[in-house]
Structure formats: structure tokens, C-alpha cells
Amino acid sequence: MTAHYRFIAPRLDDPRLLGDRRYSMLIGGASVPALSGETITRESPAHPGHIVSTIPKGSRADAERAIAAARAAFDSGPWPRMTGAERSRIMYRIGESIEANIEELATIEALEVGKAISQARGEMGYSAELWRYAAGQARGLEGETYNDLGTNTLGLVLREPAGVVGIITPWNFPLLIGSERIPWAIGAGCTVVIKPSEFTSGSTIRMAELAREAGLPDGVLNVVTGYGADVGQVFAEHPDVDAVNFTGSQRVGRVIGSLAGQNIKRVGLELGGKGPQVVFSDADLDAAAAKISGGAFHCSGQACIAGSRLIVADSIADKLLEKVEALAAKIVTGDPLNDASNVGALIHHAHFEKVAGYVEEGKADGATIYSGGTRLGEAGAFFAPTIFTGVKPEMSIARDEIFGPVLSTFRFSDPEEAIALANDTPFGLSACVWTNNLSTGLQAIRRIKAGRTWINGMGDGTPQMPIGGYKQSGIGRELGRHGFDEYSELKNIHVTLTR
Ligand code: NDP
């Protein structure tokens, strides 16, 4: 089956596209260039040939001075010594400031990431929510007391900030992923050095500038830009960084994890997934189809929680696929700056080639293209929503995180087979189950190894609930009350009482 995809060609005379935005790093409260003076330029993936931003090309020396600023702010600055209420007020103001600047931040991400601006606006709004939620929690972080240790002993468990936190974020959701981590780290009383992806650093730098304006003391949030191996890796190696948090590929996650291990520091890893969307025969197919299409094709599939494997009961598979394809055909791909676009470009042309390569491999391995599988538009890294049927578990399109708009379909006749297929992956980040029987849904989801799950839904998130991966999708949890544990040390005090 083929679908006619809707495409909006990028407008090259859009005034928001014109003009290179030039950014500085933020170290110890000062906006600074790289010590070398070198820069990196970013071309819009949707508008080939158009430079949309220039950032400093930081080096190990820049990373070290940012770490020194964060260390000084932690060891002798006001932040860790403030009351929770004082920290909370500043954090809340940062959330308000993100909200007030949604349009600017969303435009930066539409240009640098290539994502649809309507989607980017939603993410900026959610990021503001994350800051406000963490601000609320940050004024009530508690320890424990033990009053049952005998008449002469009282036990106290103190929660203390872990120290300097190094955060490395990927290109797909720069401000959102930063906002899932920074407020929890600084809310726990830590100070932060962050390295965003060199493709998409603009919104993180602007967020740090907004935080400075909102009253965040100097050195609490430092941004160093540049390449991962030059800057981010230093966070995992440096003795003055107490905890490191990385989001990105498994390949780099292994490097960061082993460096953190060698240097005995706390580590949090979020390494993507191959999310199953399991549909039982009694499911509401219209509701399921809408979310399956969104789950697979949102942000062109460049999401760690993407539901890239559809596991559907044989008896309803044909009907469901027709519905998913009809919805995929309605997705408007194209100009990220156009309000009517639902989906923009892939992050860059090399990634486009990687996605196209997987599609070719799927065909060569014997899977069938049900729809899509092609470029959209003349130039720009736009790829059509693509559905494969006849996928076998050993194929690369079944196993690898493609990070593109590619949905691999499997059929099952026995629910046990569905659970086995869902768990047949080294990843364990997200999963969803569709059924009108809540017991079926809960029984299934309890057996699927994944940290972020839905029954009759896909993609929704709230700041209250922790997220993170099972298996090779990572280590640790972000968000909710548990999120503060990643950035806290617990100290116990045995107090001997005398009469
Ligand atoms: P990477 O894992 O290479 O990059 C993610 C971040 O890590 C970037 O900021 C990158 O900086 C940095 N980095 C790279 N090498 C090092 C290093 N040695 N030490 C410290 N930091 C480093 O992801 P890619 O951009 O290469 O994407 C490849 C694949 O990774 C995707 O196709 C997708 O499968 C997966 N991915 C998963 C994400 C998720 O949300 N879990 C997000 C992004 C990608 P720099 O770019 O400068 O190297």
C-alpha cells in the first residue's frame, strides 16, 4: 500500500531563518568565548546551506574552567547553603521565564534541530512545568529519623547534595532533556556543568542566561559547548565532578559509564530504546492507531521513547495497519518554521543516510514496505513515515534503534508470544499495551521490562513520575521525587544520648 504524504517545502525567505545567531558559553556567570577563540557553525537540516547558529568550540581547558566554577560555587558559594525555600523561589522564576520566552526558544530548536515549531512550543511549555514542579519539591526534600534504636540512641538520615554534576545532553530534545535533569540537580543543592550537543546548543545557552537573570547565583549552572570527546568526556574523568549524567547513544554511554566507574563517581545513563507497542484483539483500534502513529513518527522517530515496534494480534492486524497508515498519511512533514507542519527534518544528512540505509537493509532482509520508505522534498533531511510488515526478530530493523520514522510490525496469535516479542530486545526504556481489559493490560505491562509504560496511551509524561531504563537502556531515574536521589548523598548519624 502506498500513501501520498503531505509535505511543505521550507521557505528560504522566512525572516527567522536569516541571520546567524552567535552564542557564548556561560562559565561562572560570565558569557565567554572558547579559550582558543574557535567556533562551530550549525546549518539548518531543513534548509541546506543556511547557517543558523555559531557556538564556541570548547576544549578540555574550557571544560576544566567550567568545572572549577561549579566546584567553587558548590564549596563556597551561597547555593548549597540556601534554604530550600530560597532555592525554590529562584527555580520557579526560571520556569516562569522559560514560559515567557517560549517563542524564542522554540524558534531556536526549530532551526537547529529541524523539528516542527508547533512541537517545539509544546516542549518548551512542558520544560517550564518541569522547573516549576522541581521548584515545589525542592523546598520539601526530607531525610529520615529512627527513634527505635534504644533509649540512648537516635538515628538521623541526612540528605545532602552530591556536589558538582556534569550533564551531557543529546540533540533531539535539548531544552526538555536539560530541564529533566538540571532542576533536580540544583534542587538537591548541587551545581552543574552541562555540555549540550554541538548541533543544538542554542536553547540550553539561552536557558542558562534566563536562569542567571532570574537570580541563579554565578557558577551554579555552567554551559560549555563543543564536541563530546573534547568536553563531555572531561566530566566523567575529572576528580572535581562528583556525578555524571549522560543521555545519548549506547556507544558513548559505555564510554561514559566505564570512565565514571574507573573514577568512582555516580553515573546516570539514558541510552534510548526500541519501544514495543502491543495491541491485543479487544483494543479500541481508532484510539490505538492515533497513538501508534504518533509514537512511531513524532519528531521523525528521533525520540528515545519512540514506539518503533508494533506487535499486533493477528486477527486485527490488517484493520489496524490500514488505520495507522491513513493517519501517517495525514502527518504534515516539512518546513519546521511553518505552524502547519507536524514533523520536521532529521537532524543531519549523515543521519538521513543512516535511516535510509536501515530501510534498504530491511528490504534486503525480506521485510515488506507497507508504506513510505522514501525521501520527501527535493533537499533537506526529510524522510517519509515508513511502515514495515513481515519483520523477523533477527532483522536489524527489529533490533537496532534506527532513530528515524520507521515502524516495524510483528503479528502474534498467542498473548505469550506478544510478551516474548516485546521483551526480545536489549533495550528497556518504554512500552505500551492496548486492550479494553485492564487486567490484561496490567498483567502484560508487569511482565514487560521497561521503565516508562502506558496502558491505552503512548508518549504522555508528567513531572511527577520517574523515568529511566531497564536493561541496556540505562541506569538511574529522572523526575518525580525519586529524581532527587540521583543527585543526593545520604549520611547517617548515630547520636548517642546521655542523661
Ligand atoms: P551520541 O551518543 O554520539 O551523542 C550524544 C551526546 O554525547 C552529544 O552531546 C555528544 O557530543 C556527546 N558525546 C559524544 N561522544 C562523547 C564522548 N566520548 N564523551 C562525552 N560525550 C560524548 O549520539 P549521536 O548524536 O551520535 O546519535 C547516534 C545515535 O544515538 C542515534 O542514532 C540514536 O540511536 C542514539 N541517540 C539516543 C538519544 C536518546 O535520547 N537516548 C539521543 C541521541 C541519540 P558530540 O555530538 O559533540 O559528539
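The values are calculated or read from the model by the stated rules, or taken from the named source; none is laboratory data. Just so we're clear, the structure is a prediction, and the values are computed from it rather than from any experiment. Note: ideal-geometry Cβ built from the backbone for every residue, glycine included; neighbour counts use all protein chains shown.
Taking the criterion of being of a type in the set (Ser, Thr, Tyr) and not in a loop (DSSP other than H, G, I, E, B), the residues of the stretch 401-429 that qualify are SER408, THR409. When ASP318 is tested against (1) away from the ligand (no atom under 12 Å from the Cβ); (2) acidic (Asp, Glu); (3) touching a strand residue (DSSP E or B) at 6+ places or on another chain (Cβ under 9 Å), just one condition goes unmet, and that condition is (3). For the stretch 235-253, which positions are more than 8 Å from the ligand (Cβ to nearest atom) and either more than 23 Å from GLY58 (Cα to Cα) or in contact with a helix residue (DSSP H, G or I) (Cβ under 7 Å, 6 or more places away or on another chain) (or both)? Within the stretch 235-253, GLU237, HIS238, ASP240, VAL241, ALA243, VAL244, ASN245 meet the criteria. Which is among the basic types (Lys, Arg), farther than 24 Å from GLY253 by Cβ and touching a residue at least 40 places away in the same chain (Cβ under 8 Å), of ARG132, ARG121, ARG81? Selected residue: ARG132, the only one of ARG132, ARG121, ARG81 that is among the basic types (Lys, Arg), farther than 24 Å from GLY253 by Cβ and touching a residue at least 40 places away in the same chain (Cβ under 8 Å).
Each row is one residue, and each column tells you yes or no for (1) closer than 25 Å to TRP171 by Cβ; (2) surrounded by fewer than 16 Cβ atoms within 10 Å (Cβ to Cβ); (3) touching a residue at least 24 places away in the same chain (Cβ under 8 Å).
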position	(1), (2), (3)
ALA290	no, yes, yes
SER308	yes, no, yes
ASP314	no, yes, yes
ASP318	no, yes, no
VAL324	no, no, yes
ASP335	yes, no, yes
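As for the stretch 182-191, it holds no residue that is buried (at least 24 other Cβ atoms within 10 Å of the Cβ), within 16 Å of the ligand (Cβ to nearest atom), in contact (Cβ under 8 Å) with a residue 60 or more places away in the chain and closer than 30 Å to GLN302 by Cα.
The rows are residues; the columns are (1) of a type in the set (A, V, I, L, M); (2) at pLDDT below 95; (3) within 18 Å of VAL244 (Cβ to Cβ).
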| position | (1), (2), (3) |
| --- | --- |
| ALA134 | yes, no, no |
| GLN137 | no, no, no |
| THR145 | no, no, no |
| GLY155 | no, no, no |
| VAL165 | yes, no, yes |
| ILE182 | yes, no, yes |
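Residue-level check: of (1) small (Gly, Ala, Ser); (2) outside any loop (DSSP other than H, G, I, E, B); (3) under 28 Å from ILE467 (Cα atoms), GLY362 misses just (3). Residues in the stretch 159-181 that are among the charged types (D, E, K, R) and within 16 Å of the ligand (Cβ to nearest atom): GLU180, ARG181.
Of the residues making up the stretch 467-499, those that are part of a loop (DSSP other than H, G, I, E, B) and farther than 28 Å from ASP284 by Cβ are GLY468, GLY469, GLY476, ARG477, LEU479, GLY480, ARG481, LEU497, THR498, ARG499. Picking from residues in the stretch 192-211 that are surrounded by fewer than 24 Cβ atoms within 10 Å (Cβ to Cβ) and of a type in the set (D, E, K, R), the one that is nearest to GLU38 (Cα to Cα) is GLU198.
For the stretch 193-208, the count of residues that are over 21 Å from the mean Cα position of the chain (by Cα) and more than 8 Å from the ligand (Cβ to nearest atom) is zero. Consider the stretch 385-400 and keep the residues that are more than 16 Å from the ligand (Cβ to nearest atom) and assigned to a strand (DSSP E or B). The one that is farthest from ALA328 (Cα to Cα) is THR389.
For THR153, state whether it is in contact (Cβ under 8 Å) with a residue 12 or more places away in the chain, more than 18 Å from VAL234 (Cβ to Cβ), within 10 Å of the ligand (Cβ to nearest atom) and not small (Gly, Ala, Ser). Answer is no for this residue. The set of residues in the stretch 371-383 being buried (at least 22 other Cβ atoms within 10 Å of the Cβ) and more than 16 Å from the ligand (Cβ to nearest atom) consists of SER371, GLY372, GLY380, PHE382.
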